[in-house]
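For reference, the structure is listed below as C-alpha cells.
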Amino acid sequence: MQLTARLIKILPPITGNGRNGTWKRQDFIVETASQYPKKVCISTWGDKINIEQYQEGAMLNISF
C-alpha cells in the first residue's frame, strides 16, 4: 500500500536495549494529501529510513 503525505513533524528517536541487543525507533507525523486530510503517525524500526534527510513540509511517498 502507498500513501502520499506531507511531513508535519519529526519526533525524537527512541532507543533501548532488549534481549536481542540495541533497538531504535523513529516516529514522524504526516498529513495525507486528500480531500479530507488526516494526520497519521508512522513508526520505523532499525535503520529502515534516514528521516533526518527530509525537512518538515516535504511531500513523501510512503510504502508500507
The chain - charge dipole about Cα centre, Lys and Arg +1 at Cβ, Asp and Glu -1, debye rounded to 20
200
The farthest towards the positive end of the charge dipole of the chain, of the residues Ala58, Thr32, Gly46, given +1 on Cβ of Lys and Arg and -1 on Cβ of Asp and Glu, is Gly46
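Relative to the compact-globule scaling 2.2 N^0.38 Å, provide the ratio for the alpha-carbon radius of gyration of the chain. Show your work: numbers first, answer last.
Details: Rg = 13.0 Å, N = 64, 2.2 N^0.38 = 10.7 Å.
Ratio of Cα Rg to 2.2 N^0.38 Å: 1.22.
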Using θ = phi - 60° and Karplus 6.51 cos²θ - 1.76 cosθ + 1.60, couplings along the stretch 26-40 (whole Hz; Gly, Pro as x):
10, 10, 8, 9, 10, 10, 5, 9, 9, 4, 10, x, 10, 8, 10
Counting heavy atoms of the protein chains only and a 1.4 Å probe, report the per residue accessible area for the chain as a whole number of Å².
77
How much of Ser34 can a 1.4 Å solvent probe reach, expressed as accessible area in Å² and rounded to 10?
70
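Working with all protein chains in place, sort Val40, Val30 by solvent-accessible area computed with a 1.4 Å probe, largest first.
Largest accessible area first, the residues go Val40, Val30.
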In the chain, carbon and sulfur make up what percent of the accessible area (probe 1.4 Å)?
51
GluC sites (Glu not before Pro) restricted to DSSP loop in the chain with at most 15 other C-beta within 10 Å:
Glu56
Can you give the accessible area of Lys38 in Å² (nearest 10), computed on protein heavy atoms with a 1.4 Å probe?
130
Alpha carbon centroid spacing (whole Å) that separates the stretch 27-42 from the stretch 48-64:
12
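The values are calculated or read from the model by the stated rules, or taken from the named source; none is laboratory data. Computed from a predicted model, the values in this text were never measured in an experiment. Note that each Cβ is placed from the backbone with ideal geometry, even for glycine, and that neighbours are counted across all protein chains shown. Each accessible area value is taken on the protein alone, full model and side chains, heavy atoms only, with ligands, DNA and RNA left out. Shrake-Rupley method; radii C 1.70, N 1.55, O 1.52, S 1.80 Å.
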